[in-house]
Amino acid sequence: AARGISLRDNPYSWGQELLENDTTYMANTWNGVFPIINTIDDGYLTTSPVGTFGTNQFDLSDMGGNVWEWTSDWYRSYEEYNQPYTINPGSQKVLRGGSFLCHTSYCHGYRVSARSYTPIDNSMFHLGFRGVKSVDNILD
């Protein structure tokens, strides 16, 4: 869903490059020298209003950047995914999307394939959630 339909091979929900036409920010991320200077080139020091950077083909916005988003998935290493089940999933949930604190020098959370994790009792000012709705036959 984050990639849309025609962008399946792209690293970002909006396309191939972090900056569109090398100048336009497509997500709310850290700009400048992390963590010393945020030049605010994308227009926001912290969070941006939902939808500021447009939507994808499924009308989803902020699929990368702005705030990390909780998912319902328990975190486990990719090697563990080959197991048919997990006896004790642990206490960490998967995060997706990256945040306004992500900078290319250390964080690629805004890439569609990226994930992070945090304990379920954690709260951070750059962590949120996204409502989810099941849909049948979305590609029909």
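What follows draws every value from the coordinates through simple rules; no lab data is involved. The structure displayed is predicted, hence computed values, not measured ones. With ideal geometry, Cβ positions are generated from the backbone for all residues, glycine too; neighbour counts draw on all protein chains shown.
Quick one: plug the Kirkwood hydrodynamic radius of the chain (C-alpha pairs) into Stokes-Einstein at 10 °C, 1.306 mPa s, and report D in µm²/s. All intermediate terms of the calculation are to be shown ahead of the outcome.
Numbers: Rh = 16.1 Å.
After rounding, the answer is 98 µm²/s.
Multiplying the residue separation of Phe125 and Thr46 by 0.36 nm and subtracting their alpha-carbon distance yields 27.5 nm. For Leu95, the amide hydrogen comes within under 5 Å of the amide hydrogens of Ser116, Tyr117, Thr118, counting only partners 5 or more places away or on other chains and with H modelled in the peptide plane. Panel order for Trp30, Trp74, by other beta carbons found within 10 Å of each beta carbon, from fewest to most: Trp74, Trp30.
Multiplying the residue separation of Ile5 and Arg115 by 0.36 nm and removing their Cα-Cα distance gives an extension gain of 37.5 nm.
In sequence order, the range 14-21 has phi-based couplings of 9, x, 7, 10, 4, 9, 6, 6 Hz under the Karplus curve 6.51 cos²θ - 1.76 cosθ + 1.60, θ = phi - 60°, and Gly or Pro positions carry x.
Here the calculated FRET efficiency for Asp59 and Tyr106, from their Cβ-Cβ distance with R0 = 30 Å, stands at 0.45, rounded to the nearest 0.05. Counting other Cβ atoms within 10 Å as a rough exposure proxy, the listed residues Cys107, Cys102 run Cys107, Cys102 from fewest neighbours to most.
To make sure I understand, if each residue's beta carbon is the centre and we count other beta carbons within 10 Å, what order do Thr23, Thr118, Thr104 fall in, fewest to most?
Values: Thr23 7, Thr118 17, Thr104 12.
Least to most surrounded, the residues fall as Thr23, Thr104, Thr118.
Label zone of Trp74 (point 7 Å out along Cα→Cβ, amide N under 19 Å): in the range 103-133 this covers 116-122.
I need the calculated FRET efficiency for the pair Ile36 and Asn82, taking r as the beta carbon distance and R₀ as 35 Å, to the nearest 0.05. The calculated FRET efficiency here is 0.25.
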